[in-house]
Amino acid sequence: MIDSLFSLLNLERRKVLYFAILTTEKVFILLFHFFIANYFSSESYGILNQTNFISAFFQNILMFGVAIPFVVSVAGDKNLHNVFFKFFIPLSIFVSIFCFLVIFLFNEFFTNVIYGNPIFIQYLIILFIVIISDILSEYIIVRNRVQDKLKLHSNFILSRSLVKVSVILIIYFLTNDFYISFLVSSISYFTFTLVISYLYFDLSINNYINVFKKNFDQLKKLLMDGFQFVLIYILSSTSSILINLIIVGEFDINTLAIYNFNFMLASAPITILGYITFYSLPDFSKKIVISDNIMSSNLFKDILLTSILFLIFFVVIFFAYDLIIIPINEFYRDKTLFSIIFISNFIFMINNFCQFPLLSKRKYLILIIIIFTSLSLNLIYLFVINDNFTMLTPVYGFLIANVSAFILLIITNLSINHK
């Protein structure tokens with residue numbers, strides 16, 4: 001019975017342990033958010049979430065979009081493994097430093113765009129530290145991903161969260177100063193990822209130059225694929241970025257905190273998607289190399305598992321929402337906002353899996369057209385059709401973008417696979 005269930009959901013015992021460790025990490029992070037939403041000011045909570053959100057966006061751009069093309073390509077070319085890390089890690093760090101020198105030159109402008117008020121200018125240095133740390137962290141995750149190191153990956157994610165959360169809480173209790181606690185936590189996170197990176201990767205400059213000269217053609221191909229993927233990422237992320245920037249611009253950082261709390265609660269299952277796609281995409285790419293038939297992969301089993309987990313989570317949290325809010329803060333209550341974000345995230349989850357066949361066949365241009373179309377519909381709704389702006393307005397736009405992308409992805413995959 002258990003073996004049949006495992007087979008139906010593409011599970012095995014090591015994956016169960018993997019999920020157990022990562023679920024522990026997610027519960028720990030949720031409890032942390034519940035605590036700080038109640039204990040910290042809404043302003044501090046909004047700044048914390050905005051910093052992490054913007055960092056995640058920049059981190060993907062400053063990796064030049066090469067992570068997914070690498071995961072797909074390494075299934076057919078094992079020599080890419082060492083070349084990838086030796087070249088792209090130093091390149092990401094150098095470009096990050098250059099970009100932030102520009103940002104610091106125009107610090108007041110960028111502070112106003114990101115945090116909604118130039119008085120938060122001191123948080124730019126924290127943002128820089130977090131972005132560098134997230135970049136190193138993501139390269140570590142990519143390494144574990146292509147090597148199918150599920151246990152190492154789950155332990156790394158848990159350890160990373162423990163470092164960031166425990167330090168910020170300890171320093172805050174000692175100093176009662178949010179900025180100092182956030183700064184020390186960010187430095188601790190950076191130190192942790194730097195140590196792990198030096199254990200895993202050869203980051204010497206001499207090695208970097210040699211790798212570039214000897215593997216120019218391979219690196220050029222990855223960069224070309226990566227450029228297309230950066231465009232895909234920017235287009236697909238713009239809808240969610242618009243929510244944060246519009247709320248900050250139209251309202252304030254405190255209103256953003258309400259959105260952030262409900263987004264955090266509704267997006268917890270998105271982490272599950274990350275857990276599954278961590279092993280699902282490399283597995284899919286390897287099977288597609290052997291057979292061009294999607295049915296030979298575990299794609300539909302992975303979609304079924306993720307959907308079941310999503311729906312269980314929604315039912316539990318939806319009916320427990322009022323109980324969750326009671327010990328936290330009535331300020332964050334907005335069940336409608338939570339529900340709309342969750343529905344959008346569920347469709348977003350399906351869209352991620354629907355992209356697998358196109359990614360594996362490197363149909364990046366098709367993906368760009370699909371995502372650009374969905375974003376255009378979002379922008380038309382926000383700035384042309386809508387005439388009554390509320391906090392829910394950009395969230396409805398995000399839902400429109402995901403629904404339209406889902407329809408286009410289904411039509412595209414059916415047309416490609418039935419030629």
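The values are calculated or read from the model by the stated rules, or taken from the named source; none is laboratory data. Fair warning: this is a prediction, and the values are worked out from it, not measured in the lab. Virtual Cβ from ideal backbone geometry, glycine too; neighbours counted across all protein chains shown.
When Phe104 is tested against (1) surrounded by 21 or more Cβ atoms within 10 Å (Cβ to Cβ); (2) at pLDDT below 90, exactly one condition is not met: (1). Restricting the range 138-161 to residues that are surrounded by fewer than 21 Cβ atoms within 10 Å (Cβ to Cβ), under 16 Å from Asn52 (Cα atoms) and in contact (Cβ under 8 Å) with a residue 40 or more places away in the chain, the residue that is farthest from the chain's Cα centre (by Cα) is Ser161.
Taking the listed residues Asn112, Asn52, the one that is in contact with a Pro (Cβ under 6 Å, 6 or more places away or on another chain) and either among the aliphatic types (A, V, I, L, M) or part of a helix (DSSP H, G or I) (or both) is Asn112, with no other qualifying. Looking only at residues that are among the acidic types (Asp, Glu) and under 21 Å from Ile140 (Cα atoms) in the range 169-228, which one is nearest to the chain's Cα centre (by Cα)? By that ranking, first place goes to Asp225. For the residues Thr336, Thr373, the requirement of being farther than 28 Å from Tyr45 by Cα and not in a loop (DSSP other than H, G, I, E, B) singles out Thr373. Of a type in the set (Val, Ile, Thr), in contact with a Lys or Arg (Cβ under 9 Å, 6 or more places away or on another chain) and in contact (Cβ under 8 Å) with a residue 12 or more places away in the chain, is that true of Thr393? Against the criterion (of a type in the set (Val, Ile, Thr), in contact with a Lys or Arg (Cβ under 9 Å, 6 or more places away or on another chain) and in contact (Cβ under 8 Å) with a residue 12 or more places away in the chain), Thr393 does not qualify. For Asn378, the requirement of being part of a loop (DSSP other than H, G, I, E, B) and either touching a residue at least 60 places away in the same chain (Cβ under 8 Å) or farther than 22 Å from Asp302 by Cβ (or both) is not met. Pairs linking a residue in the range 49-60 that is farther than 15 Å from Ser161 by Cα to a residue that is outside any helix (DSSP H, G or I), with Cβ atoms under 9 Å and 6 or more positions apart or on different chains, are Gln50/Gly116. Mind checking whether some residue in the range 220-242 is over 25 Å from Lys363 (Cβ atoms) and modelled with pLDDT of 65 or more? Within the range 220-242, one or more residues are over 25 Å from Lys363 (Cβ atoms) and modelled with pLDDT of 65 or more. The set of residues in the range 361-380 being of a type in the set (Ser, Thr, Tyr) and either crowded, with 22+ Cβ neighbours inside 10 Å or modelled with pLDDT of 85 or more (or both) consists of Thr373, Ser374, Ser376. Restricting the range 196-219 to residues that are modelled with pLDDT of 80 or more and in a helix (DSSP H, G or I), the residue that is farthest from Phe64 (Cα to Cα) is Leu199.
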